[in-house]
Amino acid sequence: MQVQFDILRSDRQTKEQYVQSILYECADDSETVATALTKINADSAVRDLHGNPVSAIAWECSCLQKKCGACAMLIDGRPRLACDAMLKEFRKKHISLSPLKKFPVVCDLIVDRSILYENLKVIGVWLKKEAERSEKHDDMAYEGSRCLQCGCCLEVCPNFYAGGSFAGMSAFVPTARLLSELPDTQKKELFEAYRAHIYEGCGKSLACRKICPAGIDIDGLLVNSNAMAVWKRVKR
Amino acid sequence: MERINIIGAGLAGLSAAITLARGGVGCNLISLQHSERAQSVLAEGGINAALDTMGQQDTFWEHYKDTMTGGGQLADADAVYGLTKHAPDIVRWLTALGVPFHMEQGRLILRNFGGQKKKRTAYAKSSTGKMIVSALIDEARKYEAAGVIERYPHHEFIRLLVDGENGKKSCKGVRIRDTYSGELYDFSGMVILASGGMNGIFPGMTTGTVQNSGDVTATVFAQGVTLSNLEMLQYHPTTIGISGKRCLVTEAARGEGGRLYILRDGAPWYFMEEKYPELKNLMPRDVVSREMYFAARREDCGGQVYLDMTGLSDEIWKKKLSDLREELRRYLGIDPAKEPIPVEPGIHYFMGGIDVDVYHRTNIQNLYAAGECTSQYHGANRLGGNSMLGAIYGGKVAAEHIMSAAGAYFPKEMQKTGAAPAGNSDASERIAVMTDGKAPVLCTVSAEPLTEEASPDFIMRLSKILSDGLGIVRSGQRLQKALYDVQEVEAEAKNLREKNRTALAGAMLRSAMMRTESRGAHYREDYPEKDETLRKKLTASCQEGTVSLNFRQLCDEPEATANDCDLQ
C-alpha cells in the first residue's frame, strides 16, 4: 500500500512553516504513522514529491505503544498519538501530519508542552499529607493516575487556551487522584483550586472524553470531583 | 553544597531527586523528555516486597535468597541484602504517596511472580509502573514549586566533565544540550546517572522505549567509567510483535494462572509444568525463555508457543488484568479470555551496565548511577517485580550517600529506611535549601563532536551483528563471527557516537566470549554447565580507546541473623 504524507514542517530558527509531501510504501498492514516516520527518517535516499531530499523530520516519541503520550500530533486534523494511528485506517491515500496547534511549535511536529506542567503547579497538584486510601475511591485514584500529559484533550477543548484560568482536563485528571486520596480535612485548598481552574472553566462539551488516547473516564471523574468539591454531597 | 545533577527522570531519577529534596539538597533533573515518557511507565506486573500480607510467613530473607538464586548467584550480595530488607518500607512509602495498589478489606494483596515461592508482588492491575510514576511525579512537583528540584526536560546528556588521570578521575559536572534550541550547557557538581537500559543498541527488538538509546552508557564507558556483566541480557518469555517494537505481555498473566504450551504431535504440551512441577510457568525468566527456545525447535513440535489464559476467572480479568485484555484485543485481534495467544521471547532488560558499589558509587569520584543503567542487584537474571524496586531503592541510596558524605542533615525516617553509611548524619542543623548553586553555564565550545548522532544505517548494522551473537542460546563460534563483524563495522564509524557504540558492542560480545559457562541469561551451547570458578563479576573498562575485561571477586554473602529470618 502506498500513502502520501503531507507534513507541515518548519524551520527551527525562522519558524517558517511549509508543507512537504512524501510518498511512502508501507510494508505491512499493522504499520502506524510512528513506524512510517521512523522509516522515512532512517532512509537517506528518500525524496519528496518534487525530488528534493528530505531532512530528518523532527517529532517526539518514546514507548511506541500508547502509554507515554510523547508522539501526539494532528493526524488528518485530529489530535492523536502517531503510534496509535494505523495506516490501514486511512481509506484515502493522503494523510496530513501537523503539530498540535495550542502549543508553540519548536520544529516540524514537535511542540513545547510546558503549559501542561505549569498548570499542574498552579493548581498545586501534590499531596500535602499522607494519602488516605479508601477502597470506595480506588477506581478514581487509578483512573486519575493514568493521564499521559499528551495534550490531545486541550487541542479539542473549546474552553482552553494558554494563559487562561481554565487549566484543562490534563490538569484535572491528576487533580482527581488527589481529591480521591487526600484526607478530608486537607481538601479545602484543593477544592478552591479545583473550582477556580477546572469547574468554572469547563463548558462540559466533553470533546476531551472522545479524543483521550488513554480512554480515561473523564466524565466519571468529573461527576465524583464535582460531588466532592462543588456540591459537597460527600460527608466531610 | 552544589546542586546535584541527575540524568534521567524515570523512577531512579525521580527517587533520587525526591530523596535529595526531602533532605534539603537541590538538584537539576535533566531528561530528554518528561517523566511521563520514561520507560518506567511501561512496567506492568508489580513491585516485590516481603510484606507478608498473604499469610504465607514470608520474610525479606526469602526475598533475598530468591533474588540471589534467580540471578545465578552473580548479584552483589550486600546490595541485594539492603534492597530486599528495605523493600517493605519502599512499598509503604509508595502507599503513603497514594499509589493505588490492589487492596481488599484494608489488606494489601500480593500476587505470584516468577522465581519466587511466596506471593510477594504488590500491583495495580497491570499498570503498576504508570501508577508509581504518577505518584512520584506529583511528589517531585511539590519540590519543583519550591525551587528545590529544577527540571530540565528536553535536555540531552552529551558527556561528563571529568578531571584527573586514570585511576584518580573525578567528575566535575556534565555537559548537556537543549534539544529545542540546540544550545550546549555545562552544569557543575556531582552527577547521578539514571539513564536507563541500552535499548537503542537493539532497535525494534526490545520491549522498552526508544529514548533509552544506550548513548549515555557508551559515552561514559569511553570516558573511563567501568561497566560490568554486559553479557547478561534478559529475554522476557512472553512478548508479541507490534509495529516497530516488541510489546510485553506481563508475567502477571502467568502469575494469575496463564499457562504456556506448544503443540506436540498436534496436542498441547505444557512443557513448563511437566519439567518444573514446583514453580511451573513461573520459573525465572531466563529458564522459561530458554525452554521456549528449545521447545520451538523440536521436530515433533509446532514451532509456535502459546500462552493460554482462557482458564482465568471473570473476576481476575476484571479486577487484575483488564488493561492487558484490552491491549491484546487491540494488537492481536484476539480476546485472551477466549483464545490462547502466540508469544515469543524478546529483549526486556539489561542486567549489565555501569558498575556501582553498595552506595551506588561508580569508579569515578563524585559520579553515581542508579536504575537500569547500572549492574548490581540482578546478577545474571532479574526477577520480575525487582526492577522498579531496584530503581527506586537505588536512586534513594545514591542520594542518601551523597548527603551523608557531605554531612548534610537528613530526617530520621530516612535514616531508618535507607542504607546510608555512618557519616556526619546527626548534624543537628538542617542545611539551607540549595537553590543558589552555580547557574548552568552556556557552553561556547566551537566543536562538540558528541552532538552528532549515530546514523540509523550504522545502528541497524551493529544491532544485527549483536543479536546474531547475543541470542538466547550462544556459542563461541557465533560470538567470534560477531566480533569479527564488529571490527569491520568499526572501521566505518563516522563519528564519535558511532565509535563509542562500537566499543560498547565489542565489550558486550567479548564479555559473552569470556564467560565460558552457562549462568542465568547467558547460555553457551559449547559450555552448557555452570562453572563455579567463574562465579565472578566480569568488568569492562576502556582506557584511551583500549577495552580490557577482568573477572572480579564478588563480596561475601551476608549471614542470616536470627532476626533476618523472623517475620517482619
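Derivation of every value follows stated rules applied to the coordinates shown; laboratory data play no part. Keep in mind it's a predicted model, so treat the numbers as computed, not measured. A quick note on method: Cβ atoms are made from the backbone with ideal geometry, for glycine too, and the neighbour counts reach across all protein chains shown.
Along chain A, counting only GluC sites (Glu not before Pro) with a DSSP assignment other than H, G, I, E or B and at most 15 other Cβ atoms inside a 10 Å radius, the longest segment between sites is A:17-129.
Annotation: region A:2-111 has a Kirkwood hydrodynamic radius of 14.0 angstrom, from the mean reciprocal C-alpha pair distance.
If you model region B:468-547 as an ellipsoid using its alpha carbon gyration tensor, with each semi-axis the square root of five times an eigenvalue, the axes come out at 25, 15, 8 Å, biggest first.
Using only alpha carbons, region B:188-267 has a radius of gyration to Kirkwood radius ratio (Rg to Rh) of 1.13.
Give the shape of region B:31-138 as rounded, prolate or oblate, defined through the alpha-carbon gyration tensor: a ≥ b ≥ c are the square roots of its eigenvalues, a/c under 1.5 means rounded, and otherwise the shape is prolate if a/b is larger than b/c and oblate if not. In terms of gyration-tensor shape, oblate. Debye calculation, C-alpha points only, no solvent: report log10 I(q)/I(0) for region B:80-160 at q = 0.20, 0.25 Å⁻¹, in the same order as the q values. Each listed q maps to, in turn, -1.02, -1.25.
Computed on the Cα atoms alone, the convex hull of region B:236-347 gives a volume of 101 cubic angstrom per residue. One way to sum up the overall shape of chain B is the equivalent ellipsoid from its Cα gyration tensor, whose semi-axes run 35, 29, 22 Å, largest first.
Close Lys pairs in region A:114-229 (alpha-carbon distance under 25 Å; sequence gap of 8 or more, or different chains): 13. The label-point distance for B:Asp300 and B:Thr516, in a model that sets each label 7 Å from Cα toward Cβ, rounds to 3.6 nm. In the calculated pair-distance distribution of region A:168-236, the portion above 16 angstrom amounts to 41 percent of the Cα-Cα pairs.
If you model region B:342-382 as an ellipsoid using its alpha carbon gyration tensor, with each semi-axis the square root of five times an eigenvalue, the axes come out at 27, 9, 6 Å, biggest first.
Simple spin-label estimate for B:Lys117 and A:Ile40 gives 5.7 nm between the two label positions (7 Å along the Cα-to-Cβ direction from each Cα). Dividing the C-alpha radius of gyration of region A:114-229 by 2.2 N^0.38 Å, with N its residue count, gives 0.97. Restricting region B:217-280 to chymotrypsin sites (Phe, Trp or Tyr not before Pro) that sit in a DSSP loop and have at most 15 other Cβ atoms within 10 Å of their own Cβ leaves B:Tyr270. Evaluated over region A:2-111, the count of Lys pairs having alpha-carbon atoms less than 19 Å apart is 6 (only pairs 8 or more residues apart or interchain). Over all orientations, the protein assembly as shown has a Cα convex hull whose mean projected area works out to 33.6 square nanometres. Helix-only arithmetic for the protein assembly as shown: the sum of -39500 (n - 2.57) across DSSP H runs with n ≥ 4, divided by the residue total, places the mean residue ellipticity at 222 nm at -9500 deg cm²/dmol. Counting beta carbons within 10 Å around each of B:Ser188, B:Ser195 and listing the fewest first gives the order B:Ser188, B:Ser195.
What is the calculated FRET efficiency for B:Thr561 to A:Ser134, with r their C-beta to C-beta distance and R₀ = 41 Å, to the nearest 0.05?
Values: r = 38 Å, r/R0 = 0.94.
The calculated FRET efficiency here is 0.60.
Counting pairs of alpha carbon atoms under 8 Å apart in space and at least six apart in sequence, what relative contact order in percent does chain B give?
Relative CO of chain B lands at 22 percent.
For chain A, the pair-distance distribution built from all alpha carbon pairs, in bins 10 Å wide starting at 0, is 7, 30, 29, 18, 11, 4, 0 percent. When restricted to Cα atoms, region B:71-207 yields an Rg and a Dmax of 19.8, 60 Å, respectively. Taking a quarter of the surface of the Cα convex hull of region B:288-355 gives a mean projected area of 6.9 nm². Approximating the spin labels as points 7 Å out from Cα along Cα→Cβ, the A:Lys188-to-A:Phe90 distance works out to 5.4 nm.
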